[in-house]
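Written out below as structure tokens is the structure these notes cover.
The values are calculated or read from the model by the stated rules, or taken from the named source; none is laboratory data. Note that the coordinates shown come from a computational prediction; the quantities given were computed from them, not determined experimentally. In this analysis, Cβ positions are derived from the backbone assuming ideal geometry, glycine residues included, and neighbour counts consider all displayed protein chains. With ligands, DNA and RNA removed, areas are computed over all heavy atoms of the protein, side chains included. Shrake-Rupley method; radii C 1.70, N 1.55, O 1.52, S 1.80 Å.
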Amino acid sequence: MELVYSVEELMNTANPDIFSIKTKALGPQGKLPLTDQMLRNEPSGNLFGLTQNVGMGWKPANLKGKQVLLLSTQGGMKGPNGDPIALGYHTGHWEVDILMKEAAKEISKAGGMPFAGYVSDPCDGRSQGTTGMFDSLPYRNDAAMVFRRLIRSLPTRQATIGIATCDKGLPAMMIAIASMHDLPTIVIPGGVTLPPTYGEDAAKIQTIGARYSNNELSLEEAAELGCRACATPGGGCQFLGTAATAQVVSEALGLSIPHSALAPSGQEVWKEMARQSARAVIHLQEQKVKTKDIVTNASIRNAMVVHAAFGGSTNLLLHIPAIAYAAGCTIPTVEDWIEVNKSTPRLVSVLPNGPVHHPTIRAFLAGGVPEVMLHLRSLGLLDEDVMTVTGKTLRENLDWWEGSERRKKMKEILFQEDHIDANDVIMSPCEAKKRGLHSTLTFPTGNIAPDGSIIKSTSIDPEKINEKGVYYHKNTAKVFTSEREAIQAIKNGEIFAGDIMVVIGCGPLGTGMEETYQLTSALKHLSFGKHVTLLTDARFSGVSTGACIGHIGPEGLAGGPIGKLRTGDLIEVYINTKTLEGHLHFLGTLDYEVTPEEGSLILSQRQQNKEVKPSPDLPDDTRLWAALQSVSGGTWRGSIYDVDRIIEVLKAGEEALRKKKEESFI
């Protein structure tokens with residue numbers, strides 16, 4: 001219904017209260033707890049801060065408490081009863097204000113002064129297949145920068161708590177927190193939403209368009225299923241995608257308290273986690289334990305090991321290096337990732353990897369991160385001497401967990417509520433091997449991917465893997481130069497079992513390295529999808545499955561061989577899921593097949609595919625991000641801003657321009 005107002009109607013003056021205007025007030029009563037030393041030596045900003053504090057209603061008598069800054073990704077507005085006044089972008093940040101309040105109350109109870117700031121975050125699910133995805137990965141760098149600025153802009157803070165949940169907000173928070181080397185910090189993961197009693201999870205539901213278009217779902221089914229996928233209003237999605245994996249990594253780094261990742265949003269166990277975290281960060285401040293004591297090379301490696309054991313999202317290969325850089329640690333290399341994944345067994349059976357697709361709440365009840373770490377320490381894969389936010393070492397935390405009442409109770413709840421044995425969700429190494437679980441990631445190279453690529457090899461349909469653990473696919477390519485073009489081909493019935501899809505021009509320089517879950521989810525949930533291979537220089541959602549190979553480098557627009565492929569080229573894909581080795585080769589054409597070496601030579605002499613171009617909708621903000629992260633080492637270094645390297649390149653460029661200008665006058 002269209003509403004048309006006159007100026008008089010719009011500027012309604014019928015309410016007499018709008019003219020009850022005061023021009024002065026008494027102001028807060030009392031006195032600031034100032035001393036001679038403070039007035040003579042404190043910066044004016046510190047003194048003015050006290051005025052601001054009482055101006056907002058804080059009692060002058062309580063101004064001496066320890067100041068703790070709480071930062072979160074809160075989005076939306078709720079009324080007193082929890083009903084929405086204005087929606088957030090996603091469930092992941094909808095309830096974190098509750099965690100903020102619980103933590104703040106605990107700080108006040110301990111005589112401290114809580115401060116709160118917010119930098120909300122986007123929803124990768126909401127932006128799938130849209131130009132909103134062009135801002136997704138660049139947002140992480142921007143948000144981390146703003147979080148850091150907010151922390152530094154409260155000079156009197158003595159500790160910081162970061163509260164976040166989802167795909168980019170939580171990595172941004174961890175990067176910012178890891179940057180605070182000399183400050184006590186802690187991260188509170190925002191938890192997970194519950195799966196519906198009857199219905200589909202938030203990953204599968206994102207394929208209703210593709211399934212309907214291929215006559216595998218009715219309009220009524222799509223409408224009903226889409227309504228109930230997010231069964232509770234808060235928390236990250238119910239699968240081990242980027243959001244859940246980031247929570248796991250935060251705890252594995254030692255930045256979050258034990259058994260906090262994947263807690264059910266809104267429930268008492270989740271609220272208590274916030275209270276425990278507030279107490280912990282105050283303890284860290286008293287004990288003078290700082291972030292640099294917790295985030296170390298050893299804890300970074302522990303996080304990589306736990307990531308492998310969970311079978312986590314490939315997106316963390318972008319985020320963990322960025323966290324390491326922020327912490328001043330050594331950035332993991334591709335070789336480091338390969339070594340960790342070859343030595344670490346996968347122990348967790350959850351969505352989307354399986355073999356049984358348990359939701360993340362079951363992984364939490366089965367013991368979560370500390371349970372997995374118990375198994376990993378039995379294999380000698382963890383450094384147990386690392387410090388954690390409990391103020392204790394990892395060894396001490398695991399010793400507590402092993403005999404804790406909490407561990408026992410959680411497993412009992414899982415069996416009582418869902419009739420699931422915890423050992424079927426988080427397995428011992430022996431049991432995992434017996435059930436055929438393999439390590440998670442493979443990094444294929446070859447003449448198409450000389451810098452490497454990533455595939456979550458555990459997610460390839462078992463039917464497509466031979467008795468030696470090998471996935472092999474050789475066929476001609478169907479090349480697409482945008483995700484939109486590729487998804488239309490799927491919806492229009494132009495993709496068939498046996499096809500090899502190649503989607504290029506979707507790396508940082510083309511689209512901000514968009515996430516192509518729209519494609520991978522469609523292939524997963526269409527009946528013929530398991531028979532299709534996808535190659536791209538874009539990235540995937542953490543919930544992606546199938547023979548989908550991303551992060552192919554160099555990207556097409558950076559001169560990478562993938563940018564020279566054309567429809568009809570013969571492609572060979574080899575993935576050994578047991579040895580975690582593989583290759584992607586261009587082998588000429590069906591009429592003229594060549595060796596990989598000959599294929600490499602042909603590609604080196606080819607021009608870039610003329611259709612490969614940056615998206616015309618690529619924002620200037622993202623173009624700048626792409627250029628800065630490119631000179632900083634690109635995606636394999638975590639798409640960071642290496643300031644020293646950027647300044648070096650800028651100076652070299654300025655010098656080159658100066659010389660060029662001088663030469664033009666000669």
Checklist line | Carbon + sulfur, % of accessible area of the chain - ligands and nucleic acids excluded, 1.4 Å | finding: 53 percent
Next item on the list: Could you order peptides 16-28, 33-45 by the average number of other Cβ atoms within 10 Å of their residues, highest first?
Entry: 33-45, 16-28
Item checked: Filter on Lys101/Lys288; Lys408/Lys524; Lys168/Lys610 - keep pairs with C-alpha separation over 28 Å -> Lys408/Lys524; Lys168/Lys610
Note to self: Give the separation of the Cα centroids, the stretch 281-303 to the stretch 624-664, in Å.
What the structure shows: 33 Å
Next item on the list: Using the Cα centre as the reference, give the magnitude of the dipole from point charges on the C-beta atoms of the chain (Lys, Arg: +1; Asp, Glu: -1; all else neutral), rounded to the nearest 20 debye.
Entry: 1840 debye
Check: Between Arg406 and Arg435, how many nm apart are label points set 7 Å from Cα along the C-beta direction?
Finding: 2.4 nm
Next item on the list: Mind checking the full-extension length gain between Met77 and Ser527? Use 0.36 nm per residue of separation minus the Cα-Cα distance, one decimal, nm.
Entry: 157.9 nm
Notebook entry, point to check: On a 0 to 90 degree scale, rounded to 10, what angle separates helix 44-55 from the longest Cα axis of the chain?
Noted result: 80 degrees
Checklist line | Helix 242-252 vs. the chain, principal-axis angle (Cα, 0 to 90°, nearest 10) | finding: 60 degrees
Check: Where a Cα-Cα gap under 15 Å defines reach, which aspartates and glutamates qualify for Lys109, not counting those fewer than 8 residues away within the same chain?
Finding: Glu272
Note to self: With a 1.4 Å probe and all protein chains kept in place, how much accessible area does Trp270 have, in Å² rounded to the nearest 10?
What the structure shows: 0 Å²
Checklist line | Euclidean distance between Cα centres, the stretch 473-500 to the stretch 96-111, Å | finding: 51 Å
Item checked: Where Asp537, Asp385, Asp399 fall by accessible area, highest first, once all protein chains stay in place (1.4 Å) -> Asp385, Asp399, Asp537
Notebook entry, point to check: Sorting Thr481, Thr344, Thr51 by accessible area (1.4 Å probe), largest first, what list results?
Noted result: Thr51, Thr481, Thr344
Next item on the list: Taking the chain as the reference, fit the longest principal axis to its C-alpha atoms, fit the long axis of helix 596-605 to the helix C-alpha atoms, and give the angle between the two in degrees, 0 to 90, nearest 10.
Entry: 70 degrees
Checklist line | Mean accessible surface per residue for the stretch 305-464, computed with a 1.4 Å probe while every protein chain stays in place, in Å² | finding: 36 Å²
Check: Separation between the Glu463 and Ala14 pseudo-spin-labels, each 7 Å from Cα along Cα→Cβ, expressed in nm?
Finding: 6.6 nm
Notebook entry, point to check: Using the heavy atoms of the protein chains alone and a 1.4 angstrom probe, what is the accessible area of the stretch 540-602 per residue in square angstrom?
Noted result: 36 Å²
Next item on the list: Select from the stretch 118-220 those chymotrypsin sites (Phe, Trp or Tyr not before Pro) which occupy a DSSP coil region and have at most 13 other Cβ atoms within 10 Å, ordered by residue number.
Entry: Tyr198
Margin query: Quick check: the distance between the Cα centres of the stretch 336-406 and the stretch 448-468, to the nearest angstrom?
Written below: 25 Å
Checklist line | Ala223/Gln488 FRET efficiency (R0 22 Å; Cβ-Cβ; nearest 0.05) | finding: 0.45
Notebook entry, point to check: How much accessible area per residue does the stretch 1-113 have, in Å², with a 1.4 Å probe?
Noted result: 73 Å²
Check: Counting only the heavy atoms of the protein chains, how much of Leu657 is accessible to a 1.4 Å probe, in Å² to the nearest 10?
Finding: 120 Å²
Checklist line | Estimated 222 nm signal from helices in the chain, with DSSP H stretches of n ≥ 4 weighted -39500 (n - 2.57), rounded to 500 | finding: -12000 deg cm²/dmol
Item checked: Column: log10 I(q)/I(0), Debye, Cα scatterers of the stretch 522-666, q = 0.15, 0.17, 0.18, 0.19 Å⁻¹ -> -1.02, -1.18, -1.25, -1.31
Check: Where in the stretch 535-597 are there chymotrypsin sites (Phe, Trp or Tyr not before Pro) that are in a DSSP coil and have at most 14 other Cβ atoms within 10 angstrom of their Cβ?
Finding: Tyr592
Next item on the list: Would you tell me the accessible area of Met387, worked out with a 1.4 angstrom probe on the heavy atoms of the protein chains, in Å² to the nearest 10?
Entry: 50 Å²
Check: Just by accessible area at a 1.4 angstrom probe, what is the order of Met77, Met410 from largest to smallest?
Finding: Met77, Met410
